[in-house]
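Here is the structure we will look at, set down as structure tokens.
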Amino acid sequence: MTDKKLKGIRAIAFDLDGTLTDSAVGLTEATDYALKAKGFPPAGKHNVTIWVGNGVDMLLTRALHNAGIENVTDTLLKEMRDLFDEHYATSVKTGSDLFPHVKETLEVLASHNIPLGIVTNKPTPFIAPLLQQLEIEKYFSLVLGGDDVKEKKPHPAPLYLTMGTFGVKKEELLFVGDSRNDIIAAQAAECPCVGLTYGYNYGVSIADSKPDFTLDNFADLLSILDITPMTTVEQN
């Protein structure tokens, strides 16, 4: 760990899959269900964890390429997506868990009256049921899914929207993620960022993307923050 502290942080946003939640089992089940329904071999968890990060359509496109389909048509992709969504409505809840120390750390952050948000490329309809299942929905006053923005990460647009919603400057928003898409988005938005080493990052080290902090444990967030809580008036 480092003695370096982040000062002046007035809001924190988090990626979801690979950062707060270990969603690989549920994503793999839905992906393999769609593949097998169309007569393709399953992808398996190892591959899915490498492909996660750019939204479900890209995940399925990568799965189809892996199955030997070079030209993925819009029709095939839609059929795959419908099958994925059908199964993921269940497996998003049964195949997802919190990473260690996430809930306890969120509780501490919330006790400082720091606004917390989620910025994810995950399809929006699946987010609320997952947060409720894992009993962490109460911590977040802003949730942006892949269907809520015109441009997904690594585009910085979702982070600009987060800054505007929370009423904070770029240097006052900390973004916490596990993949290069998260770090690229934060760097483009010019806000400080944390890269977590335990998530899904295409099989490469998150340190390669040069986040401001690289952490192995979610609870280590508390050791790098020098928090100045926002008042109730400032939040409104």
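How many residues does the stretch 186-206 contain that are farther than 25 Å from Val168 by Cβ and open to solvent by 50 Å² or more (accessible area, probe 1.4 Å)?
Of the residues in the stretch 186-206, the ones farther than 25 Å from Val168 by Cβ are 197-198, 200-205.
Still in the list and also open to solvent by 50 Å² or more (accessible area, probe 1.4 Å): 197-198, 203-205.
Residues that pass the stated criteria total 5.
The sole residue among Leu173, Leu98 that is at pLDDT 95 or above and touching a Cys at 6+ places or on another chain (Cβ under 6 Å) is Leu173.
With (1) open to solvent by 20 Å² or more (accessible area, probe 1.4 Å); (2) touching an Asp or Glu at 6+ places or on another chain (Cβ under 6 Å); (3) of a type in the set (Val, Ile, Thr) as the list, and Val25 as the residue in question, which single condition is left unmet? Condition not satisfied by Val25: (2). Looking across the stretch 106-117 at every residue that is open to solvent by 50 Å² or more (accessible area, probe 1.4 Å) and part of a loop (DSSP other than H, G, I, E, B), the one that is nearest to Ala219 (Cα to Cα) is identified as His112.
Yes or no, residue by residue, for (1) touching a helix residue (DSSP H, G or I) at 6+ places or on another chain (Cβ under 7 Å); (2) under 23 Å from Thr120 (Cβ atoms):
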| site | (1), (2) |
| --- | --- |
| Pro42 | yes, no |
| His46 | no, yes |
| Thr49 | yes, yes |
| Val56 | yes, yes |
| Leu60 | yes, yes |
| Asn66 | yes, no |
| Lys78 | no, yes |
| Phe84 | yes, yes |
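Filtered by the rule that a residue be open to solvent by less than 50 Å² (accessible area, probe 1.4 Å) and in contact (Cβ under 8 Å) with a residue 24 or more places away in the chain, the stretch 52-73 gives Val52, Gly53, Asn54, Gly55, Val56, Leu59, Leu60, Ala63, Leu64, Ala67, Ile69.
The residue that is nearest to Val168 (Cα to Cα), among those in the stretch 88-105 that are part of a helix (DSSP H, G or I) and touching a residue at least 60 places away in the same chain (Cβ under 8 Å), is Thr105. Note on the stretch 31-51: residues that are open to solvent by less than 20 Å² (accessible area, probe 1.4 Å) and hydrophobic (A, V, I, L, M, F, W, C) amount to 4. One residue alone among Thr49, Thr75 is part of a helix (DSSP H, G or I), farther than 19 Å from Asp32 by Cβ and among the β-branched types (Val, Ile, Thr), and that residue is Thr75. Of all residues in the stretch 146-157, those that are closer than 11 Å to Gly55 by Cβ have Cβ atoms under 7 Å from Cβ atoms of residues that are open to solvent by 80 Å² or more (accessible area, probe 1.4 Å) and assigned to a loop (DSSP other than H, G, I, E, B), 6 or more apart or on another chain, in Gly146/Lys152.
A quick yes/no check of all residues on (1) closer than 30 Å to Lys38 by Cα; (2) open to solvent by 70 Å² or more (accessible area, probe 1.4 Å); (3) over 15 Å from the mean Cα position of the chain (by Cα); (4) not hydroxyl-bearing (Ser, Thr, Tyr):
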| site | (1), (2), (3), (4) |
| --- | --- |
| Val92 | yes, no, no, yes |
| Ser96 | yes, no, no, no |
| Pro100 | no, yes, yes, yes |
| Lys103 | no, no, yes, yes |
| Asp147 | yes, yes, no, yes |
| Met163 | no, no, yes, yes |
| Asp182 | no, no, no, yes |
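The values are calculated or read from the model by the stated rules, or taken from the named source; none is laboratory data. On a predicted model such as this, the values are computed, not experimentally measured, just so you know. Heads up, the Cβs are rebuilt from the backbone with ideal geometry, glycines too, and the neighbour counts pull from every protein chain shown. Side chains are part of the model used for accessible areas, which takes the heavy atoms of the whole protein and leaves out ligands, DNA and RNA. Shrake-Rupley method; radii C 1.70, N 1.55, O 1.52, S 1.80 Å.
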